[in-house]
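What follows draws every value from the coordinates through simple rules; no lab data is involved. Note that this is a predicted model, so its numbers are computed, not measured. Here the Cβ is made from the backbone with ideal geometry for all residues, glycine too, and neighbour counts use every protein chain on show.
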Amino acid sequence: MAWTTPVTFNTGDPLTAVTLNQQVRDNLNYLYEPPRDVTNNSAVYSIAVASLPSAPTTAIDDVNLGVSLTTTGRDIQLAIRGIMSRTAATAEGYLCFDFFIDGLTYASTGTATPANRGIGGISYYQTSSNGRHMFNVNFLLRGLSAGSHIFLPRWAHGNIVGTGNISILGTDMATQVFVTEI
């Protein structure tokens with residue numbers, strides 16, 4: 001259901017069921033149920049360590065974590081969340097994320113080159129190889145034109161040793177990507 005620009009009623013304008021339904025019911029339904037899409041995946045994703053901090057340009061899983069959404073031109077909330085773990089017993093570093101939009105631009109900059117560390121991420125320090133860290137990275141995207149868009153999550157990892165993973169924790173929390181027009 002699409003948003004209809006509200007009309008300005010003048011004295012003497014007839015109020016019909018069609019007009020009221022469009023102006024009141026349909027627009028309230030649109031506000032209550034904005035365009036959004038969510039993907040959940042229980043796969044384990046791994047990324048090798050970068051020796052230096054880098055921008056998040058590595059695809060996580062475009063098939064299972066990519067989101068397609070038709071928008072009306074309002075602000076967009078982008079988010080990725082899940083459980084992060086490490087293969088090294090003692091480690092510190094970060095995972096950072098961004099979204100590649102329509103195969104053209106990154107959410108963090110609006111250009112073909114992402115910002116260093118993208119839209120944000122998680123920094124961690126752990127002292128055992130079974131350490132797990134929950135993360136939730138949100139980003140407000142402004143200025144995206146109305147139309148159909150594809151949002152693909154990207155990531156980077158900066159650390160000294162080991163491999164960074166995002167995965168499901170038991171049956172409680174899968175890696176989730178969501179995009180909502182707000």
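Just a few scattered comments:
- Highest mean first, the peptides 176-182, 5-11, 62-68 sorted by other C-beta atoms within 10 Å per residue fall in the order 176-182, 62-68, 5-11.
- Built amide H within the under 5 Å cut-off of residue 108, gap 5+: 99, 115
- Chain lengthening between residue 21 and residue 5 when straightened (0.36 nm per residue, less Cα-Cα): 4.4 nm
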